[in-house]
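Here the structure is laid out as structure tokens; the discussion comes afterwards.
Where a number appears in this text, it was derived from the coordinates with a stated rule and is not lab data. No experiment lies behind these values; they were computed from the predicted model shown.
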Amino acid sequence: MPDSLDLLTYLAGEPGPGVASPRVGDAVELRVLKGGLAIEAFSAAGERLGRLPPAERDALAGLIAGAGTSLPGRVTAVLPRPRGLGGGRVHISVAAG
């Protein structure tokens, strides 16, 4: 039986101006902010990459609370948005347990 389970989530929004777009394999840190009202992803360099949508935030809130104030993850995919609307949708894998 595996020791941990990988969960897949994604980011809503885009990195701010001057922040490099994440690439597959990049390490990220998911942090609980604003008293638990938001979970945001940060690069290894500490740059804000985006925020989890509310349903994803709610699903992962207990997991992050059990780990402290943050949870490490890794970018597993960057999918293009339809008709070139902004950057790609960033998928992040996090280990649970």
Length gained, A95-D6, 0.36 nm per residue minus C-alpha separation, equals 31.6 nm
Once A59 and L33 are pulled to full extension, the length gained, defined as 0.36 nm per residue separation minus their Cα-Cα distance, is 7.8 nm
Extension length gain for E47 and R81 (0.36 nm per residue less Cα distance), in nm, is 10.0 nm
Whole-Hz Karplus couplings 3J(HN,Hα) for the range 8-21, θ = phi - 60° and coefficients 6.51, -1.76, 1.60, Gly and Pro as x, run 10, 9, 8, 9, 9, x, 10, x, x, x, x, 9, 5, 5
Rg (one decimal) and Dmax (whole number) from the Cα set of the range 23-62, in Å, equal 10.3, 30
